[in-house]
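So the structure is just underneath, and the comments pick up after that.
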């Protein structure tokens with residue numbers, strides 16, 4: 001067994017680093033924690049989650065083709081309802097939902113690179 005002390009960050013490939021930083025900062029209130037000198041990656045923080053965005057030339061995400069979210073955020077029911085209104089107001093592409101799941105609802109939308117992001121409550 002490999003013993004770890006925690007998860008450092010999750011990495012997403014993006015084609016426009018600035019646009020993606022703005023998206024995750026605006027939608028989820030992530031803050032820039034660290035930028036590289038080459039301006040090719042940024043680590044964003046929303047305690048306790050760290051998200052590393054790495055700029056690439058082209059994104060080919062097999063999970064997106066399979067319609068599987070790369071990130072999933074849990075929230076309470078009131079915040080979920082407010083989040084839907086905000087996504088619609090900002091004209092962010094909703095891919096699925098809101099739909100019932102277990103004892104709550106979920107909604108899936110796209111980030112600027114068409115990575116699927118899920119929000120839900122139970």
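If r is the Cβ-Cβ distance from residue 81 to residue 11 and R0 is 35 Å, what FRET efficiency results, to the nearest 0.05? Rounded to the nearest 0.05, the efficiency is 0.70.
Annotation: the antiparallel percentage among DSSP beta bridges lying fully within segment 1-58 is about 65. Rounded, prolate or oblate for segment 60-122? Axes are the square roots of the Cα gyration tensor eigenvalues, ordered a ≥ b ≥ c, and the cut-off for rounded is a/c under 1.5. Cα axes put segment 60-122 in the oblate bin. So what is the calculated 222 nm ellipticity per residue for the chain, using -39500 (n - 2.57) for each DSSP H run with n of 4 or more, over all residues, to the nearest 500 deg cm²/dmol? Rounded to the nearest 500, it is -7000 deg cm²/dmol. All distinct Cα pairs of segment 1-40 go into the 1/r average, and the inverse of that average, the Kirkwood radius, is 12.3 Å. Segment 15-55 and segment 71-120 have Cα centres spaced 20 Å apart. Value of Rg to Rh for the chain, rounded to two decimals, is 0.98; Kirkwood radius and Rg both from alpha-carbon coordinates.
We did not get these values from a lab; they are worked out from the coordinates using the rules stated. All of these numbers come straight from a predicted model, not from anything done at the bench. Positions of Cβ are backbone-derived with ideal geometry, glycine not excepted, and every protein chain shown enters the neighbour counts.
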